[in-house]
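The values are calculated or read from the model by the stated rules, or taken from the named source; none is laboratory data. None of the values given here were measured: they were computed from a predicted structure. FYI the Cβ positions are ideal-geometry reconstructions off the backbone, even for glycines, and counts take in every protein chain you see. These area figures cover heavy atoms from the full protein model, side chains too; ligands, DNA and RNA do not enter into them. Shrake-Rupley method; radii C 1.70, N 1.55, O 1.52, S 1.80 Å.
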Amino acid sequence: MTEKPVFYSIGAAATKLGVHRVLLNQRVSDGQQAPDALLAATSKNRPDQPVWTAETLDHWGKAEPGEPTVYYTTNAAIKYLGIPAPTFNMHRRTKKDIPADAHVMRSATGEPQPVWTAASLDQWHKEVRAMVSEPRKPHALSVYAPTDAAALMNITRSAFEKMLREHPMPADLVTLDGEPELAWTGRHLDAWADAAEVQIKRRKPKAMAYYSEDEAPKLLGITRAEFAKLMRSHPLPPEALVVSPAAHAWTKDALEEWHAAATGQEGAK
């Protein structure tokens, strides 16, 4: 049985080499030693973290490790798979059915932490998907732009906009297809009208339905990890921006058309 590699993070490596972390960071930035592997970042605003084996640290500046493998820490793996953290941790700690591909030392004397490759995580998720997948029923955010909001209240758009100037109301979504417009849910429009003490007779125009980044995978019947992977290889510009929590959003037709094209292109490769 092949022994699984153990890597040292920048902090643990600095301790092992007997240098200050700031100095080691500078040496790494100068390209003095290529990393043996990378830890996938958990945020788009952060770079992947370099790590090294003890052997490379013993031959600092002379080792040539080649193309680094990317590993996922527990938090990065949970984000990559798009499953609840308690579910992943239960399988990792109790069922022990997610064997680590390697371990990382965060400090020279601490306990090594498990890490996984994307291939291992994908294979595990495929085998236990029925147990760990989130509910597949998507929830669309139904909103009304100014014209439809006015129709909902059975008033003119100009009357609605006059009310909006007199009683400002935060938007729930901003549409991006064409001229940007603010939009609101029916529930917030009702509460707003009641707070403004406006007596209006409501009608029922059809609301616009948008699916956020969390709900779109459910609509398409795929995992969030699969959705993120397709989005990276075949970017789909958002049709709207959900205000809170901030997220990109799309209509059902746009998502289904994009998914069919993206999976068709994937299969053709």
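On average, how much accessible surface per residue is there in the range 33-151, in Å², for a 1.4 Å probe, leaving out ligands, DNA and RNA?
Details: 6570 Å² over 119 residues.
Averaged over the residues of the range 33-151, the accessible area is 55 Å².
Compute the angle between helix 186-195 and the longest alpha-carbon principal axis of the chain, please, reported from 0 to 90 degrees and rounded to the nearest 10.
That helix lies at roughly 60 degrees to the long axis.
Mind checking the angle between helix 118-132 and the chain's longest principal axis? C-alpha axes, 0 to 90 degrees, to the nearest 10.
It is inclined by approximately 50 degrees.
In the range 205-241, which trypsin sites (Lys or Arg not before Pro) fall in coil by DSSP and have 10 or fewer other Cβ atoms within 10 Å? Don't skip to the answer; put the middle values down first.
Details: sites: Lys206, Lys218, Arg224, Lys229, Arg232; in loops: Lys206.
Answer in residue order: Lys206.
Residue by residue through the range 217-231, what is 3J(HN,Hα) from phi via Karplus (6.51 cos²θ - 1.76 cosθ + 1.60, θ = phi - 60°)? Round to whole Hz and write x for glycine and proline.
Calculated HN-Hα couplings, in order: x, 5, 4, 8, x, 10, 7, 5, 5, 5, 4, 5, 5, 5, 5 Hz.
Return the calculated 222 nm mean residue ellipticity for the chain, to the nearest 500 deg cm²/dmol, obtained by summing -39500 (n - 2.57) across DSSP H runs with n ≥ 4 and dividing by the residue count. Don't skip to the answer; put the middle values down first.
Working: 12 runs with 110 residues, N = 269.
Rounded to the nearest 500, it is -11500 deg cm²/dmol.
Note down the magnitude of the dipole of the range 1-144 about its Cα centre, charges +1 on Lys and Arg C-beta and -1 on Asp and Glu C-beta and zero elsewhere, to the nearest 20 debye.
Working: 17 positive and 14 negative charges, 141 e Å.
Here the range 1-144 has a charge dipole of around 680 debye.
Which percent of the accessible heavy-atom area of the chain goes to carbon and sulfur, probe 1.4 angstrom?
Numbers: 8190 of 15740 Å².
Ligands and nucleic acids excluded, carbon and sulfur give 52 percent.
Computed over the Cα atoms of the chain, what is the ratio Rg over Rh, Rh following Kirkwood?
Radius of gyration relative to Kirkwood radius: 1.13.
Return, ordered by residue number, the residues of the range 1-38 whose backbone nitrogen is under 14 Å from a label point located 7 Å along Cα→Cβ of Asp58.
Counting only backbone N, you get 6, 17.
Grab the other residues whose beta carbon is less than 12 angstrom from that of Thr15, score K and R as +1, D and E as -1, and report the net. If you can, show how the numbers build up before the last one.
Details: positive: Lys16, Arg21, Arg106; negative: none.
Once positives and negatives cancel, what remains is +3.
Taking K and R as +1 and D and E as -1, what net charge do the other residues with C-beta under 14 Å from the C-beta of Val6 add up to?
On the way: positive: Lys4, Lys16, Arg106; negative: Glu3, Asp36, Glu55, Asp58, Asp101, Glu111.
Neighbourhood net charge equals -3.
Cβ under 12 Å from Lys252's Cβ, Lys252 left aside: what net charge do those residues give with Lys, Arg +1 and Asp, Glu -1?
On the way: positive: Lys218; negative: Glu215, Glu239, Asp253, Glu256, Glu257.
Result for the local shell: -4.
Considering the dipole of the chain built from charges on the beta carbon (Lys and Arg +1, Asp and Glu -1) around the Cα centre, which of Leu236, Pro138, Gly61 is farthest to its positive end?
Looking along the dipole axis, the top candidate is Pro138.
Using the crude model of +1 on Lys and Arg Cβ and -1 on Asp and Glu Cβ, and no other charge, please compute the dipole size for the range 141-227 relative to its Cα centre, in debye to 20. Provide the component values of the computation, followed by the final result.
Working: 11 positive and 14 negative charges, 94 e Å.
Dipole of the range 141-227, to the nearest 20 debye: 460 debye.
What is the extension gain from Lys206 to Thr94, computed as 0.36 nm multiplied by their sequence separation minus the C-alpha to C-alpha distance, in nm to one decimal? Could the numbers behind the result be given before it?
Values: separation 112, 0.36 × 112 = 40.32 nm, distance 4.84 nm.
So the extension gain works out to 35.5 nm.
Nearest 10 degrees, 0 to 90: what angle lies between the long axis of helix 252-268 and the longest principal axis of the chain (Cα atoms)?
30 degrees
Run the 1.4 Å probe and let me know the accessible area of His59, rounded to the nearest 10 Å².
100 Å²
So which of Lys95/Lys252; Lys62/Lys229; Lys137/Lys204; Lys16/Lys126 end up more than 31 Å apart by C-alpha?
On the way: Lys95/Lys252 38 Å; Lys62/Lys229 36 Å; Lys137/Lys204 25 Å; Lys16/Lys126 39 Å.
In this structure, Lys95/Lys252; Lys62/Lys229; Lys16/Lys126 lie more than 31 Å apart at Cα.
About the Cα centre of the chain, how large is the charge dipole given +1 on each Lys and Arg Cβ and -1 on each Asp and Glu Cβ? Please answer in debye to the nearest 20.
Values: 32 positive and 33 negative charges, 126 e Å.
That gives the chain a dipole magnitude of about 600 debye.
How high is the relative contact order of the chain, in percent, counting Cα pairs under 8 Å that sit 6 or more residues apart? Let's see the in-between values first.
Values: 381 pairs, mean separation 42.8, N = 269.
Worked out over the chain, it gives 16 percent.
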